[in-house]
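Structure first, then comments.
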Amino acid sequence: MDFLPIFLDIRDRKVLVDGGTTVAARRVERALDAGARVHVFDPDPGEEVLLLEHRDGVTLTRALPTEADVAGCAVVWGASETPDRDARLYSWAKAAGALCNIADMPENCDFITPSVVDRSPIVIAISTGGAAPIIARILRARIEATLPAAYGRLASFVSSFRERILETVTNGRARRHFWERMIDGPAGDFFLSGAEERATAQIEDDLANAAEGGAKPVGEVYLVGAGPGDPDLLTFRALRLMQRADVVLYDRLVGDDIMGLVRRDARRIYVGKKSRDHTMAQEDISKLMVRLAQEGNRVLRLKGGDPYIFGRGGEEIAELAGAGIGFQVVPGVTAASGCSTYAGIPLTHRDHAQSCTFITAHGRDGVLDLDWDILIREGQTVAVYMGLGSLPILMEGFIERGTNPQTPVAIIENGTLPDQKVVTGTMADIVEQARQAGLKGPAIIIIGSVVQLRDQLNWQALDRSSHALSLASATTQDMVNRTGPK
Ligand code: SAH
C-alpha cells in the first residue's frame, strides 16, 4: 500500500481551491459536503464554478490566489491546469503546512483525491494509487449500483442502539454477532424495506432476549465450496460467510487469493490433505469443527470446488448433525465445470456428448475400482478427479475395453488460475504428453470428443495456458479464434 487511507475532519476549516475548471467545481463540492469553508480563486471562472458561487460556505474571488490566501488552510487543491500557477500554489501550501493536491501532477500531491460513494454516514473512498483512475470510477459505479441507497440511513438508525447494546451484551464476540444479526438479519431487512417501526420492534425483542441471557454466542458451521481457484468464481453467499467467520479450516486446494477474502482477524487452521500425506485425519477435522462450534465460534470449513463433490462434505456434516450443531452448506463451482470452461471445453454438446460422468480415479495399489461398463459408453464425457497419478492405467483400462485410442483427452492443471496449463492429446499419447509437460496437479482429466471443440471455443487469452501441443497443428484461423472474445 503506497498511501494511507484516512478520513479528514475539515468541518468549519478553510479550504482553498484554485481554478475555474470542472475539476475545481468537483473539489469545491466535495469540500462543501464535508462542511468546510471554501475559498475559490480564478480570474475567469467557468460555468460550473459560477453555479457554486452562492452556496453557503463558498467565497469566490475573481483573481489569482496569493501566498496570504493560503495561510490557515487545512487543504489546498490546485485545479487551474496552468503548470506555473499550480507549482507556485504547491510551494505556498508547503510553506504554510497545508495538505496539497494538484490535479494531474502526482509529484505535487500530498494525498490522492479518491472516487467516493457517499451514503453518509457511510463513505467509501476508492483509490488506485494514481495507477488507473478510470478503474476507480468503474468500481465506484459498481458499488453505487449494489449498495442500497438507504444503507447510510440504516447505519444512523442502528447506531442509535449502540449504548444499549453495549450495556446489554457485554461479551465482545456475542456483541459482534448481535450487530451482524441486526444489520444482516430481519431488523436490517425491515429497515431497508421502509418498515422502520418493525425494525425497531425486532431490535427491542432481540435486546430483551439478550438481557435474559439468550445472546450467548451460538456457534455454527459453514461448509463452503470455494470453487476451483479463481476468486471471481466464489458465490456471494460464500463471500458473506467468509466475512463472518471466527475460525477457518481450509485445505490445500484453497489458494492465497481466496484466503485473502476471509475476515482478517479470523483464526486460520490448515487441515490440508494430500494423498499419502494426510495432515489431519477426517475424523479429527470433524471433531475439531464440533468442538470449535460448541465453544461459540462461527466455523468456516472452506473446501476446494463444491463441498459435496468428492469433498467428503457429507461425512463432515453428519458429525455436526449428530452433535446438534447448526450448519449451512454453500455449493461451489466444481473443478470439472470450472476448469473445462476456462479451457474452452463444454462438458456436454448436442453433437458430441449427451451426458457427463464425474469419477475419481484415486488408484490404490495400481488398481482402479471403476464401473467400466458405464465409462466406455459412446456419446458422453468423462471428467476424472484425482486421476493424474493413475493416468497410465486409466488410459490402458479404456483401450483394453475397446475404446478408440484416438479418443481426445485434455488435462487441465491449476484450472481457472493464472498458471492454468492445458495439455491435449489422445488416449494413445496423452501419458507421454503429460510427462513432457511436467504436470504435477491438481489436475482434472476430460475424456471425450468435446475436447476437440476447444479450438473453436477457447475464450481465454493465449498466454493463460500452455497450448504448445495443440498449437503445433493449429491453422491461423484457429489462432485468431483462440485469442479471446471480441
Ligand atoms: N470438491 C472438489 C474436488 C476435490 S478432489 C471439487 O468439487 O472440485 C481434488 C481434485 O479436484 C484434484 O485432485 C483435482 O482432480 C481436482 N481439482 C480441484 N481444483 C482443481 C484445479 N484448480 N485444477 C484442476 N483440477 C482441480
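Once the dipole of the chain is set up with Lys and Arg at +1 and Asp and Glu at -1 on Cβ about the Cα centre, which of His362, Ser80, Gly322 lies farthest towards its positive end? After comparing all options, I get Gly322.
Could you calculate the contour length gain from Leu50 to Lys287, that is, 0.36 nm times the residue separation minus the distance between their Cα atoms, to one decimal place in nm?
Separation in residues times 0.36 nm, less the Cα-Cα distance, equals 78.4 nm.
The relative contact order of segment 166-266, computed from alpha carbon pairs under 8 Å that lie at least 6 residues apart in sequence, is 20 percent. Judged by the gyration tensor of its Cα atoms, with axes a ≥ b ≥ c, the chain is oblate; a/c meets the 1.5 cut and b/c is at least as large as a/b.
Helix 83-96 and the longest principal axis of the C-alpha atoms of the chain enclose an angle of approximately 80°. Each label point was placed 7 Å from the Cα along the Cα-to-Cβ direction; for Ser159 and Thr146 their separation is 2.4 nm. Taking the charge dipole of segment 271-407 about its Cα centre, with +1 at Lys and Arg Cβ atoms and -1 at Asp and Glu Cβ atoms, the residue from Pro392, His352, Gly338 reaching farthest to the positive side is Gly338.
Modelled label positions at Arg350 and Asp184, each set 7 Å beyond Cα in the direction of Cβ, lie 4.4 nm from each other. Neighbours of Pro114 by Cβ distance under 13 Å: Lys/Arg scored +1, Asp/Glu scored -1, total +4. With a cut-off of 18 Å on the backbone N, the residues of segment 128-155 near the modelled label site 7 Å out from Gln243 along Cα-Cβ are 139-155. Under the criterion of Cα pairs below 8 Å and six or more residues apart, the relative contact order for the chain equals 9 percent.
What is the local net charge at Met259, summed over the other residues whose Cβ is closer than 12 Å to its Cβ (Lys, Arg +1; Asp, Glu -1)? Charge balance near Met259 sits at +1.
Bridges between two residues of the chain, per DSSP, are antiparallel at a rate of about 35%. A Cβ-based charge dipole, computed about the Cα centre of the chain with Lys and Arg at +1 and Asp and Glu at -1, lands at about 640 debye. As I understand it, the value is the acute angle between the Cα axis of helix 196-209 and the longest principal axis of the Cα atoms of the chain; what does it come to in degrees, rounded to 10? Around 70 degrees separate the two axes. Segment 145-207 and segment 298-312 have their alpha-carbon centroids 31 Å apart. A crude spin-label estimate for the pair Ser120 and Glu400, with each label 7 Å from Cα along the Cβ direction, gives 7.6 nm. Straightening the chain between Gln436 and Asp369 buys 21.4 nm, computed as 0.36 nm per residue apart minus the Cα-Cα spacing. Here's the picture: charge each Lys and Arg Cβ at +1 and each Asp and Glu Cβ at -1 in segment 77-227, and of Phe161, Ile124, Leu207 the one pushed furthest to the positive end of that dipole is Ile124.
FYI, it's all coordinate maths here, none of it is from the lab. What you are looking at is a predicted structure, and each value in this text was computed from that prediction instead of being measured. Glycine gets a Cβ as well: all are built from the backbone with ideal geometry, and neighbour counts include every protein chain shown.
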